[in-house]
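Structure, as structure tokens:
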Amino acid sequence: MSAIADNPVWYHTLEVEPGVKTPGWFELAPVANRMPWPDVRGKRCLDVGTADGFLAFELERRGAAEVVAADIASADQWDWPERLRGPEHLEEVTWEPGRGFALAKELLGSSAERVELRVYDLTPEELGTFDVVVCGSLLLHLRDPLAALRAIRSVCAGRFLSANQVDLRLALLHRRVPAARLDGLGNGCQWWICNPAGHRRLVEAAGFDVERESRMYSIPYGEAHVPRGRSPRSIGRRALRAVVTGGDGVPHHALLARPAV
Ligand SMILES: C[S@@+](CC[C@H](N)C(=O)[O-])C[C@H]1O[C@@H](n2cnc3c(N)ncnc32)[C@H](O)[C@@H]1O
């Protein structure tokens with residue numbers, strides 16, 4: 001379908017009509033059911049850090065009455081490590097916030113509304129409150145995930161579904177101890193990569209009670225992802241991921257929480 005080519009870089013692999021997919025970096029559809037979804041039918045929902053909108057469209061598909069999809073206006077609003085701030089680094093960012101979402105929304109006939117807002121700036125005054133808030137693969141990219149979670153809590157009147165990348169090594173070494181690996185230097189704009197217990201603790205520390213959580217799962221790479229190396233080490237890591245998370249890709253953990261009273 002030629003319309004897909006109007007967006008040169010897709011974050012998400014999205015099936016925009018039967019058998020027709022956008023060439024994304026990541027394909028969430030095969031693992032969406034591994035997440036502990038609440039019942040969203042008839043609910044007002046928010047997707048924070050929507051990218052090209054997979055989770056927002058999934059909320060609609062599951063029967064949400066209204067979906068708001070929040071993301072930043074431009075890549076300079078990401079929490080860049082200090083040494084990567086500046087125009088020369090931003091020029092290297094190829095994905096354009098909002099472009100894929102707008103095109104996918106049209107192709108899917110979606111009513112989800114995209115708003116340009118940093119997670120830290122979520123307030124009930126700005127957007128009202130939501131029965132369900134989802135946030136996928138964003139916390140690791142934030143310098144201050146607790147401030148982000150507090151802002152999410154301020155607009156969450158029902159359930160919060162949080163999915164986050166996890167560090168497999170920390171997950172295996174420390175099953176019960178909440179832990180995180182600090183990056184803060186790399187091009188991937190990553191900060192705190194938790195183990196599942198760390199992810200859970202962040203959400204609890206921000207004032208939520210956890211109701212259910214997933215086992216670890218891996219988000220598969222999409223067709224646009226540059227293939228990984230074939231060194232014995234990377235093959236070994238891939239095999240370990242497959243054994244522990246049930247597949248290849250980026251290891252994740254998801255949980256369903258509600259604001260603590
Ligand atoms: C790794 S992608 C995850 C996309 C999607 N939520 C998912 O689960 O596949 C992170 C998204 O969060 C957005 N983002 C980064 N920093 C943000 C911030 N401070 N506030 C809101 N969105 C942010 C990025 O623009 C990007 O769309």
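The values are calculated or read from the model by the stated rules, or taken from the named source; none is laboratory data. Computed from a predicted structure; not experimentally measured. FYI the Cβ positions are ideal-geometry reconstructions off the backbone, even for glycines, and counts take in every protein chain you see. For the accessible areas, the whole protein counts, side chains as well, though only heavy atoms, and no ligand, DNA or RNA atoms are used. Shrake-Rupley method; radii C 1.70, N 1.55, O 1.52, S 1.80 Å.
Looking at this structure, is residue 70 crowded, with 19+ Cβ neighbours inside 10 Å and of a type in the set (Gly, Ala, Ser)? For residue 70, the condition - crowded, with 19+ Cβ neighbours inside 10 Å and of a type in the set (Gly, Ala, Ser) - is met. Of the residues making up region 75-97, just one is among the small types (Gly, Ala, Ser) and within 9 Å of the ligand (Cβ to nearest atom), namely 75. Among the candidates 112, 102, the residue that is under 30 Å from residue 18 (Cα atoms), away from the ligand (no atom under 12 Å from the Cβ) and without any contact (Cβ under 8 Å) to a residue 24 or more places away in the chain is uniquely 102.
Considering region 116-138 alone, what residues qualify as being under 14 Å from residue 71 (Cβ atoms), open to solvent by 20 Å² or more (accessible area, probe 1.4 Å) and not in a helix (DSSP H, G or I)? Selection gives 116, 117, 118, 137, 138.
Do you know which of the residues in region 27-86 that are of a type in the set (Val, Ile, Thr) and in a loop (DSSP other than H, G, I, E, B) is nearest to residue 132 (Cα to Cα)? Among those that are of a type in the set (Val, Ile, Thr) and in a loop (DSSP other than H, G, I, E, B), it is 40. Look at region 132-147: where a residue is touching a residue at least 60 places away in the same chain (Cβ under 8 Å) and a partner is more than 6 Å from the ligand (Cβ to nearest atom) and assigned to a helix (DSSP H, G or I), sitting 6+ places away or on another chain with Cβ atoms under 6 Å, you get 133/152; 139/145; 142/148. All conditions in (1) over 26 Å from residue 63 (Cβ atoms); (2) without any contact (Cβ under 8 Å) to a residue 40 or more places away in the chain; (3) more than 9 Å from the ligand (Cβ to nearest atom) hold for residue 121, with the sole exception of (3). Mind telling me which of the residues 49, 19, 24, 42 ends up being at positive phi, within 15 Å of the ligand (Cβ to nearest atom) and either touching a residue at least 40 places away in the same chain (Cβ under 8 Å) or over 18 Å from the mean Cα position of the chain (by Cα) (or both)? Sole residue among the options that is at positive phi, within 15 Å of the ligand (Cβ to nearest atom) and either touching a residue at least 40 places away in the same chain (Cβ under 8 Å) or over 18 Å from the mean Cα position of the chain (by Cα) (or both): 49. Within region 48-94, the set of residues being more than 22 Å from residue 21 (Cβ to Cβ) and touching a Lys or Arg at 6+ places or on another chain (Cβ under 7 Å) comprises 63, 64, 65, 66, 72, 77, 79. Residues in region 129-176 that are more than 15 Å from the ligand (Cβ to nearest atom) and of a type in the set (Ser, Thr, Tyr): 129 only.
Condition first: closer than 13 Å to residue 137 by Cβ and either of a type in the set (Gly, Ala, Ser) or out of contact with any strand residue (DSSP E or B) (no Cβ under 9 Å at 6 or more places or on another chain) (or both). Can you find one or more residues in region 9-23 that meet it?
For region 9-23, residues closer than 13 Å to residue 137 by Cβ and either of a type in the set (Gly, Ala, Ser) or out of contact with any strand residue (DSSP E or B) (no Cβ under 9 Å at 6 or more places or on another chain) (or both): absent.
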